[in-house]
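The block underneath contains the structure these notes are about, expressed in structure tokens.
The values are calculated or read from the model by the stated rules, or taken from the named source; none is laboratory data. Predicted model, so just to flag it, every value in this text is computed and none were measured. Neighbour counts are summed over all protein chains in view; Cβ atoms, including those assigned to glycine, are modelled from backbone coordinates with ideal geometry. Surface accessibility is based on the protein's heavy atoms, side chains included, excluding ligands, DNA and RNA. Shrake-Rupley method; radii C 1.70, N 1.55, O 1.52, S 1.80 Å.
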Amino acid sequence: LLLLVQVHGQGGVKFQNWAKTYGSSPELYFQPTSVEEIREILDMARKRDKRVKVVGGGHSPSDIACTDDFMIQMGKMNRVLKVDKEKQQVTVEGGIFLSDLNVELSKHGLALANLGAVSEVAAAGVIGTGTHNTGIKHGILPTQVVALTLLTASGEILECSESINADIFQAARLHLGCLGIVLTLTFQCVPQFHLHEVAFPSTLTEVLDHLEDHLKRSQYFRFLWFPHSENVSVIYQDPTNKPPSSSSSWLWDYAVGYYLLEFLLWISTFVPSLVCWINRFFFWLLFSSRVENIAISYKIFNYECRFKQHVQDWAIPIEKTKEALLELKASLENNPKMVAHYPVEVRFARGDEIWLSPCFQRDSCYMNIIMYRPYGKNVPHLNYWLTYEGIMKKHGGRPHWAKAHSCTRKDFEKVYPAFPKFCSVREKLDPTGIFLNAYLEKVFY
């Protein structure tokens, strides 16, 4: 008996990413609830010669998830399938948001050892673009995945792990959405823990001269540099047994850190030279004294991304950190017309074996630059962007896959030793390119 599942796609849905910097109008938008439905959608796409794009939380600040053909949103396939207390592992459907997973895990006394800034993102999407946080003993988030299942273009389901389909596993742990549809993932967890966060002021010179010490001193160390100044806010996060406490307040975080900042940056779009003063003023206002917070790990890892923004984030070999940051600082000093919003966020991650990981076979420093869009207004950022990209490329940098960059296949072949291997797996799994879109064509062609 053939069960015919009739799937209905919605027309007229407009997709936009969180930052509203990219969007598309898929011909049909699907929210499947089962593998059978997804197979049906793939079937329909094949017959109509359409491409398919899977989207999770839509947080990527680039057009990696955009399509005018079929879009599949996995939000309805979001269950926790299995919690293995002994191995401290959890198996989930690809559409589960990390914000829900964090809460579920804590009911079982478990947690993810590392998380990015945002949890309104789908598990399969997080690994699709190589989301990361900081901590030199910690890899990017996909390193926490120990197994996954992949539905390929032909409708076949592949189990992948270090021991089964090992090659596909190292490709799929950072899949760019182009190998198939990630149905389930198994994460390696750790026992639930609290984090003690301490933020304190310093200078760029001090931090860069004593980088080794900082990296040793705190498990999740990062720092924020305020461009057009020497100001730095150093942030240490470390596991603790102390009870939760907080010294931050709504007034300062929101009224000042959000609304006042947005207003002043908007004014600076008419008088760009104000940016230097805004950066210094906010450092003095919000970051010049020591601040401490203690909370359950995911509440400390996650933080407010404030408002709409353009971002770039490249990983360079960790030993190039000082040189690259000082070059960026010098470029801003030598071009008074070029302005940079605060902060430049500097984070660290352990090397890994994932083929398209920016940390492939090297411990890395991620340098995240930002330009806000106050009230949605665009701020000229091209010069700053190109200057930054130039410095990153010179030091063998690799761009964060979720964020906007101007690289093409030639660039990737240069910096990713395993790029040809990834391409051959992709061509085998998706010979007709049903999972491609404009962003991915720049990567592979």
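If you check GLN89, GLN10, GLN16 for being in the same structural domain as ASN102 (by the TED database) and open to solvent by 10 Å² or more (accessible area, probe 1.4 Å), only one passes: GLN89. Just one residue in the set LYS394, LYS377, LYS403 is of a type in the set (Lys, Arg), open to solvent by 10 Å² or more (accessible area, probe 1.4 Å) and within 18 Å of the chain's Cα centre (by Cα); that residue is LYS403. As for the stretch 328-335, it holds at least one residue that is among the hydrophobic types (A, V, I, L, M, F, W, C), in contact (Cβ under 8 Å) with a residue 40 or more places away in the chain and farther than 17 Å from PRO380 by Cα. The test for being surrounded by 18 or more Cβ atoms within 10 Å (Cβ to Cβ), within 19 Å of TYR303 (Cα to Cα) and modelled with pLDDT of 95 or more holds for THR134. What do you reckon, is PHE422 aromatic (Phe, Trp, Tyr), in contact with a strand residue (DSSP E or B) (Cβ under 6 Å, 6 or more places away or on another chain), outside any loop (DSSP other than H, G, I, E, B) and open to solvent by less than 30 Å² (accessible area, probe 1.4 Å)? Here the answer is no, as PHE422 does not meet what is asked.
Being assigned by the TED database to the domain that holds HIS214, part of a loop (DSSP other than H, G, I, E, B), closer than 24 Å to GLY116 by Cβ and among the β-branched types (Val, Ile, Thr) holds for only one residue in ILE370, ILE354, and it is ILE354. Number of residues in the stretch 371-425 that are of a type in the set (Val, Ile, Thr) and at pLDDT 95 or above: the value is 4.
When each of LEU151, LEU141 is tested for being over 20 Å from the mean Cα position of the chain (by Cα) and at pLDDT 95 or above, the lone residue that passes is LEU151.
Is it the case that the stretch 41-64 has a residue that's part of a loop (DSSP other than H, G, I, E, B), open to solvent by less than 20 Å² (accessible area, probe 1.4 Å) and in contact with a strand residue (DSSP E or B) (Cβ under 6 Å, 6 or more places away or on another chain)? Among the residues of the stretch 41-64, not one is part of a loop (DSSP other than H, G, I, E, B), open to solvent by less than 20 Å² (accessible area, probe 1.4 Å) and in contact with a strand residue (DSSP E or B) (Cβ under 6 Å, 6 or more places away or on another chain), which makes the answer no. Applying a threshold of 7 Å to beta carbon distances and a minimum spacing of six or more residues, or different chains, the list of pairs starting in the stretch 26-53 at a residue that is without any contact (Cβ under 8 Å) to a residue 60 or more places away in the chain and ending at one that is surrounded by 15 or more Cβ atoms within 10 Å (Cβ to Cβ) and assigned to a helix (DSSP H, G or I) reads PHE30/ILE41; PRO32/ILE38; PRO32/ILE41.
Looking across the stretch 373-419, the residues that are touching a Lys or Arg at 6+ places or on another chain (Cβ under 8 Å), among the charged types (D, E, K, R) and in a helix (DSSP H, G or I) come down to ARG409, ASP411. Any idea which of LYS320, LYS329 is under 30 Å from ASP411 (Cα atoms), under 23 Å from the mean Cα position of the chain (by Cα), part of a helix (DSSP H, G or I) and modelled with pLDDT of 95 or more? LYS320 is the lone residue from the list that is under 30 Å from ASP411 (Cα atoms), under 23 Å from the mean Cα position of the chain (by Cα), part of a helix (DSSP H, G or I) and modelled with pLDDT of 95 or more. Scanning the stretch 392-425 for residues that are in contact with a Gly (Cβ under 9 Å, 6 or more places away or on another chain) and either touching a residue at least 60 places away in the same chain (Cβ under 8 Å) or among the β-branched types (Val, Ile, Thr) (or both) turns up HIS400, TRP401, ALA402, VAL415.
Where strands (runs of 3 or more DSSP E) fall wholly inside the stretch 133-198, the ranges with 3 or more residues that are free of Cβ contacts under 8 Å to residues at least 60 places away in the same chain and over 22 Å from HIS400 (Cβ atoms) are 145-151, 157-161.
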